[in-house]
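A short reminder: the numbers here are calculations on the coordinates, not readings from a lab. These figures come from a predicted structure and were not determined experimentally. So basically every Cβ, Gly included, is an ideal-geometry build from the backbone, and we count neighbours across all protein chains shown.
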Amino acid sequence: MTIVRPDADGFRRAVEVLRADSVVAFPTETVYGLGANAFSEKAVGEIYRLKNRPSWNPLIVHVANVEAARELTESWPDEANELAAQFWPGPLTLVLPRARHLDGVGASNDTIAIRIPAHEVALRLLEASGLALAAPSANRSEGISPTTAEHVLRSLPDVPLVLDGGPASWGIESTVVDLTGSGVRLLRPGALSLRALRDVAGPITLPGEGPADGAVRASPGMSRRHYAPRATVVLVEDVRDADRDDSVGVLTYETAAVEGAEVLSADPREYAADLYAALHRLDDAGVATILVREPPPTEDWLAVRDRLARAATK
Ligand code: TXA
Ligand code: MG
């Protein structure tokens, strides 16, 4: 694997690899993605193989502009117009009816997940390659998402090329919403807050809400253990009174500092930006267990709490 700077030579090499139906890891504003030509069955197959991703879990397709997004869809509802105008480029993924001519974009599905990333390197790569890039987070399936090029290297040493864009600014994945039914349904909480979404789209249906008729789609990747470090994650209310030895690491946030702990910000956005890097560091320290102080049960913490709960799932 080679980590390259995003200069003219770096982009030239990246485009060459993508055109040869192989994969390139690249930075986005959320986390690093493992990109491949979305219309090449071979290239997309390489993503699934390298990540050890189950074949039923579909991929997000990244495009450079709204026109390219619309070409991937069978229909384009008004909500898509409004959300795209307000939040693209940015950390919002829209699930839409898939254009009928599109097969081979990961798992078979009549829908497609699309976003325009707000990162100069990602956008330049999309433009230079002229391709739509299927790109899941660039980590082994179930593992911690990468927020630096180093993290990609450690999780997926067999990836031929990584464009290094420095640390990801959001540090947590995009918010995924489904627009294929009536209204806007949240599939995965993420970097874009529900408050921001509601301001534009009105009421949002949360997972578990809405008609219980079995017709409601779920996000296939959201049903299991995920975002997990090697160590066992245990959520606790108070990390201060825990019994600890060298095999136990602690992740907490400001005002409840404990000696030797990873202490993150008490602001949910800043916390999210550092969370995966902190989990990577705790894994590197070789602890067997990570005690995590549970963040407050408020909506501002929804995405962080979602990731921590999945990291703690066995
Ligand atoms: O921020 C992000 O979204 C990052 C960067 C690289 O863009 N990507 C990312 O991809 O997190 P991934 O594959 O790790 O997560 C994609 C999520 C999964 O939960 C997957 O099941 C869901 O989106 N998804 C993809 N296509 C879908 C579809 N057609 N319908 C419902 N959910 C879908
Ligand atoms: Mg992922």
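Which values, in whole Å and largest first, are the semi-axes of the equivalent ellipsoid of the chain obtained as the square root of 5 times each eigenvalue of the Cα gyration tensor?
On the way: eigenvalues 190, 120, 56 Å².
Semi-axes from the Cα gyration tensor: 31, 25, 17 Å.
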| If you plug each phi of region 79-90 into the Karplus form 6.51 cos²θ - 1.76 cosθ + 1.60 with θ = phi - 60°, what whole-Hz ³J(HN,Hα) values come out, in order, with x for Gly and Pro? | 4, 5, 4, 5, 5, 5, 4, 7, 10, 9, x, x
| task | Could you work out how far apart the two model spin labels at GLU127 and THR289 are, taking each label as a point 7 Å from the Cα in the direction of the beta carbon, and quote it in nm? | result | 5.2 nm
| Rg/Rh for region 68-174: what does it come to with C-alpha atoms and Rh from Kirkwood? | 0.97
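Given contacts defined as C-alpha pairs under 8 Å and at least six residues apart, what's the relative contact order of region 47-156, whole-number percent?
Numbers: 160 pairs, mean separation 39.4, N = 110.
Averaging sequence separation for qualifying contacts and normalising by length gives 36 percent for region 47-156.
So what are region 218-314's ellipsoid semi-axes, whole angstrom, largest first, if each one is the square root of 5 times an eigenvalue of the alpha-carbon gyration tensor? Spell out each step's value before the answer.
On the way: eigenvalues 83, 54, 27 Å².
Semi-axis lengths for region 218-314 are 20, 16, 12 Å.
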| query | Angle between the Cα long axis of helix 302-311 and the longest principal axis of the chain, 0 to 90 degrees, nearest 10? | reply | 70 degrees
| task | Rounded to the nearest 10 degrees, what's the angle between the helix 120-129 long axis and the longest principal axis of the chain, both from Cα atoms, 0 to 90? | result | 30 degrees
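With charges only on Cβ, +1 for K and R and -1 for D and E, what is the dipole size of the chain about its Cα centre, in debye, rounded to 20?
On the way: 32 positive and 44 negative charges, 171 e Å.
The calculated dipole for the chain is roughly 820 debye.
Taking only the alpha-carbon atoms of region 1-61, what semi-axes of the equivalent ellipsoid follow from 5 times the gyration tensor eigenvalues under a square root, in whole Å, largest first? Walk me through the numbers before you get to the answer.
Details: eigenvalues 87, 37, 19 Å².
The three semi-axes for region 1-61 are 21, 14, 10 Å.
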| remark: Largest fluctuation, GLU29, GLU120, GLU46 only, Gaussian network model of the chain with Cα springs under 10 angstrom, belongs to GLU120
| field | Label-reachable residues, region 106-144, where backbone N falls under 14 Å from a point 7 Å from ASN81's Cα toward its Cβ | value | none
| query | Listed highest first by mean packing, meaning other Cβ atoms within 10 Å per residue, what order do 72-85, 131-144 come in? | reply | 131-144, 72-85
| So how far, in whole Å, is the C-alpha centre of region 104-146 from the one of region 254-314? | 26 Å
| message | Between ASP21 and ARG269, what is the label-point separation in nm under the 7 Å Cα-to-beta-carbon projection? | response | 4.4 nm
| message | With n ≥ 4 as the cut-off for DSSP H runs, can you work out [θ] at 222 nm for the chain, using -39500 (n - 2.57) per run divided by the number of residues, rounded to the nearest 500? | response | -8500 deg cm²/dmol
| note | For the chain, longest principal axis from Cα atoms; helix 268-284 axis from its Cα atoms; angle between them, nearest 10 degrees, is 70 degrees
| task | Quick one: work out the % antiparallel among DSSP beta bridges in the chain, nearest 5. | result | 40 percent
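Using mean Cβ contacts within 10 Å as the protection proxy, how do 122-130, 294-302 order, highest first?
Working: 122-130: 19.3, 294-302: 14.6.
The packing order, highest mean first, is 122-130, 294-302.
Counting pairs of alpha carbon atoms under 8 Å apart in space and at least six apart in sequence, what relative contact order in percent does the chain give? It would help to have the intermediate numbers written out before the result.
Details: 673 pairs, mean separation 62.8, N = 314.
Across the chain, relative contact order equals 20 percent.
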| task | Classify region 35-124 as rounded, prolate or oblate from the Cα gyration tensor: take a ≥ b ≥ c as the square roots of its eigenvalues, call it rounded if a/c is under 1.5, otherwise prolate when a/b beats b/c and oblate if not. | result | oblate
| Using the scaling law 2.2 N^0.38 Å as the reference, what is the normalised Cα Rg of region 248-303? | 1.09
